[in-house]
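Following: one structure in structure tokens, then a few remarks.
The values are calculated or read from the model by the stated rules, or taken from the named source; none is laboratory data. Computed from a predicted model, the values in this text were never measured in an experiment. Quick reminder, even Gly has a Cβ in these numbers, built from the backbone with ideal geometry, and neighbours come from all protein chains shown. Protein only, heavy atoms only, side chains kept; ligands, DNA and RNA dropped before computing areas. Shrake-Rupley method; radii C 1.70, N 1.55, O 1.52, S 1.80 Å.
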Number of protein chains: 2
Amino acid sequence: MNIGHAAAASGVSAKMIRYYESIGLIPRTVRTEAGYRVYSDQDVHTLRFIRRARDLGFSVEQIADLVSLWRDRERASKDVKAIALDHVSVLERKIRELQEMASTLKHLAENCSGDSRPHCPILEELASEEPLPVHGKADARFSALRGA
Amino acid sequence: MNIGHAAAASGVSAKMIRYYESIGLIPRTVRTEAGYRVYSDQDVHTLRFIRRARDLGFSVEQIADLVSLWRDRERASKDVKAIALDHVSVLERKIRELQEMASTLKHLAENCSGDSRPHCPILEELASEEPLPVHGKADARFSALRGA
DNA sequence: CTTGACCTTCCCATGATTGGAAGGATTACA
DNA sequence: TGTAATCCTTCCAATCATGGGAAGGTCAAG
């Protein structure tokens with residue numbers, strides 16, 4: 001199977017397959033005489049594993065660890081769980097940051113008439129010397145959900 | 001005021017001030033005979049505006065638009081509001097994506113014993129051929145909140 | 001006058017991904 | 001068999017906002 005086929009079968013682009021090879025996430029493949037990379041079904045399986053991990057937002061570095069644990073039949077599940085929960089806490093921190101931004105902006109936009117007049121609380125807030133108003137975590141969380 | 005002072009006063013690093021100048025977000029400043037950049041209080045005010053917009057996650061391109069609207073006394077507030085709400089919807093889309101990742105991972109981790117045994121539903125899920133289980137938007141949202 | 005703290009420009013790195021150019025290989029079809 | 005289309009290869013560049021650092025000039029305090 002050539003790289004294009006492996007890409008289609010795994011959902012990882014040919015570009016990314018070459019990149020993953022270049023950084024050592026996947027090993028160098030067998031080549032044809034002409035230099036074409038050749039992939040097995042097992043390789044495609046690994047690529048799919050990688051893609052699913054990417055879809056869950058894991059970094060390439062974390063994926064390398066996950067792949068290595070996946071291959072290790074003696075692994076301890078706590079090592080996998082630790083990576084996963086570590087990533088969850090990073091995701092949750094990012095979520096909270098974005099929710100605070102969204103909530104602040106929504107509050108400002110709600111108070112902006114949004115017509116042809118120049119008066120605008122959004123710009124006033126950006127131009128203000130006061131700290132940005134944060135509407136509290138719980139507040140931000142639920143107001144961010146309200147319109148989602 | 002030199003760039004270091006302007007950086008401290010605005011919260012924008014000297015590196016970023018030079019970068020913003022290089023991409024045209026802020027105009028080239030007056031220089032001393034020795035070539036040092038000189039900043040006024042007004043410049044610092046603009047830098048602070050930029051920093052606050054960055055803190056709300058606006059892109060440099062959007063900030064350029066916001067700064068230009070800020071300077072325009074004839075602006076229509078709807079133009080500002082449009083940028084803000086556009087950004088809110090981008091933020092909310094990202095939030096939902098991250099929430100789905102976090103929720104999926106938490107479900108998987110909850111079913112992982114996390115001990116020294118090798119059995120691990122997280123790896124099994126990544127290695128599976130089935131589509132990643134998405135726990136539904138509402139489900140994902142509230143389960144993401146539960147532990148946050 | 002020296003020392004340390006600033007400033008300047010320039011280049012490089014990040015992370016994951018995409019785009020493209022130049023050139024060789026393979027395949028399909030007339 | 002010729003040829004055109006579609007693959008493949010490597011290499012370089014760009015994204016986005018930011019930081020690190022080198023080499024060298026400037027300024028202020030002692």
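Below, the figures for the structure above:
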| item | result |
| --- | --- |
| Odd one out for residue B:51, checked against (1) more than 17 Å from the chain's Cα centre (by Cα); (2) assigned to a helix (DSSP H, G or I); (3) touching a residue at least 12 places away in the same chain (Cβ under 8 Å) | (1) |
| Of all residues in the range A:6-16 being touching a Lys or Arg at 6+ places or on another chain (Cβ under 9 Å) and part of a loop (DSSP other than H, G, I, E, B), the one that is farthest from DNA strand D (Cβ to nearest atom) | A:11 |
| Hits in the range A:52-96 - residues which are within 14 Å of residue B:97 (Cα to Cα), open to solvent by 40 Å² or more (accessible area, probe 1.4 Å) and either among the basic types (Lys, Arg) or more than 7 Å from chain B (Cβ to nearest Cβ) (or both) | A:54, A:90, A:93, A:94, A:96 |
| Lone qualifier among B:6, B:14 - being touching a Leu at 6+ places or on another chain (Cβ under 9 Å), open to solvent by less than 70 Å² (accessible area, probe 1.4 Å) and either within 10 Å of DNA strand C (Cβ to nearest atom) or among the basic types (Lys, Arg) (or both) | B:6 |
| Residues of the range B:108-127 classified as facing chain A (nearest Cβ under 8 Å) and farther than 16 Å from residue A:58 by Cβ, total | 7 |
| The range B:17-30, residues that are closer than 16 Å to residue B:42 by Cα, within 10 Å of DNA strand C (Cβ to nearest atom) and not in a loop (DSSP other than H, G, I, E, B) | B:17, B:21 |
| The range A:31-43 - residue that is within 14 Å of chain B (Cβ to nearest Cβ) and surrounded by fewer than 20 Cβ atoms within 10 Å (Cβ to Cβ) and, of those, farthest from DNA strand C (Cβ to nearest atom) | A:42 |
